[in-house]
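Heads up: the structure comes next, in structure tokens.
The values are calculated or read from the model by the stated rules, or taken from the named source; none is laboratory data. Owing to the predicted nature of the structure, the values given are computational and were not obtained by experimental measurement. Every residue, glycine among them, receives a Cβ derived from its backbone with ideal geometry; neighbour counts consider all protein chains shown.
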């Protein structure tokens, strides 16, 4: 029987994915803040509540570099 490590399990992988998503969400907020783009509490919750790393968070991080408003970020 092959040896299995705890960090290779499905639960561990889900924790790692959540941690990566939280890190990217934090980066989105930091980039926007550093550029002077104001986020409402609802916008901030939308970013931090997102767990779709591949489709949304990565796109938002790229957009955060150039947008001038939260509306542009989420468009």
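In the stretch 59-74, the qualifying residues are those that are touching a helix residue (DSSP H, G or I) at 6+ places or on another chain (Cβ under 7 Å) and closer than 17 Å to residue 20 by Cα, and the one that is surrounded by the most Cβ atoms within 10 Å (Cβ to Cβ) is 60.
Kindly indicate whether residue 36 is under 25 Å from residue 74 (Cα atoms), out of contact with any helix residue (DSSP H, G or I) (no Cβ under 8 Å at 6 or more places or on another chain) and at pLDDT 95 or above. Judged against the criteria, residue 36 is a match. Residue 56 fulfils the conditions (1) modelled with pLDDT of 90 or more; (2) within 11 Å of the chain's Cα centre (by Cα); (3) surrounded by fewer than 17 Cβ atoms within 10 Å (Cβ to Cβ) except for a single criterion, (3). The set of residues in the stretch 53-75 that are within 14 Å of residue 40 (Cα to Cα) and either touching a strand residue (DSSP E or B) at 6+ places or on another chain (Cβ under 9 Å) or without any contact (Cβ under 8 Å) to a residue 24 or more places away in the chain (or both) comprises 71, 72.
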